[in-house]
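The values are calculated or read from the model by the stated rules, or taken from the named source; none is laboratory data. What you see is a predicted model, and the numbers here were worked out from it, not measured in a lab. Note that each Cβ is placed from the backbone with ideal geometry, even for glycine, and that neighbours are counted across all protein chains shown. Calculation scope for accessible area: heavy atoms of the full protein, side chains included, ligands and nucleic acids excluded. Shrake-Rupley method; radii C 1.70, N 1.55, O 1.52, S 1.80 Å.
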Amino acid sequence: MSDKEKSTETKREGFSTTLGVLAATLGSAVGLGNIWKFPSLTGQNGGAAFVFVYLICVLLIGLPVMISEFIIGRRAGANNVGAFKKLEPSPTKPWYMTGVVGVAAAFLIMFFYTDVAGWVYSYAFKSLTGGFSQVGATETADVFAKYVGSVAGPLVWQWIVLATISVIIIAGVTKGIERMTKTLLPILLVLLLICDIRALTLPGAFAGVEYLFRPDFTKITAGVVLAALGLAFFKLSVGMGTMTTYGSYIGKKENMPANAVKVALSDTLVSILAGLAVFPAVFAFGFQPDAGPSLLFITIPAVFKTMPFGQLFLTMFFVLASIAATGAMISLLEVPVAYLTEEKRWSRMTATLVSAGTMGVIGSLATLSTSTLSDTLVFGKTFFDLFDFASSNIALPVGGILICLFVGWKLGPKVIMDEASNAGALNNVVFLKVFTVLVRYVAPLAILAVLLNGLGIITF
Ligand code: TRP
């Protein structure tokens, strides 16, 4: 890109402060992935060994992909598809398809994410209106099973979720939401800590701590490693262009690699805190750690049941979880909306309504997976599990490989050095040398190996 072209980019709207960049990117990363998916996958995949593999995936793969997305986004200053077209305009080299896969992945994720967000919203509403006051600590599993086994309730809540995020996206009040999440996320953290203290002081809690931190490496299989990799992508919001889009709003003076490291560390901390609230309770109350998606909804109400002001804390927990989920979903819905408005010239209103409507119609298949469609299997999975698996374990890793190859080989070491060091202004040459090796060789090969192995296409 010539300097002249670059100077016209600076007029584009963007995040105004360093804290704003961190808040926006962390706001996208922190969501149901931390408090719902991390504990449920950890429980299904055998505990600490899974956490260990997950941490390696975050460090060696998730972090480099995030930095790569920032580089693509800020260099091009455009939406997820437009960015690739700008950096590789040749029609015979269709790198922009990476962006198209990303838009499709956003839909796949939203099909089931809005379902789970609906559960969270309904739990917030239910605890707010005193619906849990008669429920004993050991009965929470039955309450949840009954709820997701019903048809109308979960569907209505899913549509309430979709309506909420549509209103926000159409109104374009992302700034307001950002400001809101900036103050509310710390409160969620405090609540998690309260939850941790209560859970850790329950009789028999220590078994949960051991479960989370003492690895049994015999539990690691190809499927477990793929699940950990998929979670790393999902958690950090990478592999589909959220961070590319946000990268395009990052100012030329911001330290992108440092921001990525901060996001990865803080996000991981939130997940561990959630794990420390959930697993001690699992063992203290005799729940099953491999309960899967229902785990959070069984353990958290049970934990709060056993403490003073439990009702109040429970309500606050699910209200804040709803807000965190909403922040993450907005960043997901924004990807197709930005694509449709910028590339296809749709109005913002049409783009939002069509995208959200599609998410609601196909997403209802995920919602009905726990009731009328529980026996309908596609590739041996319910629709819910299929959307979840196809997005985290296939679409995001494939997107991740393409993003790494694009930055590592197409843009190349010179552009990496220039863009990620702010043309030499940042003193991070050694870090970027390591990054370059990771993004050119280690990450794409590792993702490919884990993907093929996890899908059973090749076995080591
Ligand atoms: N990271 C978010 C969470 O943990 C979900 C999310 C937002 C996401 N944007 C994404 C996942 C992009 C994958 C890709 O809840």
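Tabulated values for the structure
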| item | result |
| --- | --- |
| Average accessible surface area per residue within region 15-454, 1.4 Å rolling probe, Å² | 37 Å² |
| Compactness relative to 2.2 N^0.38 Å, alpha carbon Rg of the chain | 0.95 |
| Sorted peptide list for 209-217, 237-245, 251-259, criterion being average Cβ within 10 angstrom, highest first | 237-245, 251-259, 209-217 |
| Relative contact order computed over region 15-454 (Cα-Cα under 8 Å; 6+ residues apart), in percent | 35 percent |
| Quotient of C-alpha Rg and 2.2 N^0.38 Å, computed over region 296-387 | 1.48 |
| Distance violations [Cα-Cα > 21 Å] among 262/433; 126/146; 235/344; 85/235 | 235/344; 85/235 |
| Helix 222-236 axis, angle to the chain major axis (alpha carbon atoms, nearest 10°) | 70 degrees |
| Helix-only [θ]222 nm of the chain, DSSP H runs n ≥ 4, -39500 (n - 2.57) each, per residue, nearest 500 | -22500 deg cm²/dmol |
| Region 1-160, relative contact order [Cα under 8 Å, separation at least 6], % | 15 percent |
| Packing rank of 423-435, 143-155, where each peptide gets the mean count of other beta carbons within 10 Å, highest leading | 143-155, 423-435 |
| Apportionment of accessible area to carbon and sulfur, region 317-379, percent (1.4 Å) | 66 percent |
| Using alpha-carbon coordinates, inclination of helix 48-57 to the longest axis of the chain, degrees | 20 degrees |
| Counted charge near residue 154, where neighbours are those whose Cβ lies closer than 14 Å (Asp, Glu -1; Lys, Arg +1) | +1 |
| Protection proxy ranking of 124-134, 280-290 - average other beta-carbon atoms within 10 Å, highest first | 280-290, 124-134 |
| Cα-based convex hull volume of region 321-365 per residue, rounded to whole Å³ | 71 Å³ |
| Degrees, to the nearest 10: 256-285 long Cα axis against longest axis of the chain | 10 degrees |
| Selected from 297, 105, 131, residue furthest toward positive end of dipole (the chain; charges at beta carbon) | 105 |
| Counted charge near residue 382, where neighbours are those whose Cβ lies closer than 14 Å (Asp, Glu -1; Lys, Arg +1) | -3 |
| Potential lengthening between residue 448 and residue 410 on full extension [0.36 nm per residue; Cα-Cα distance subtracted] | 11.8 nm |
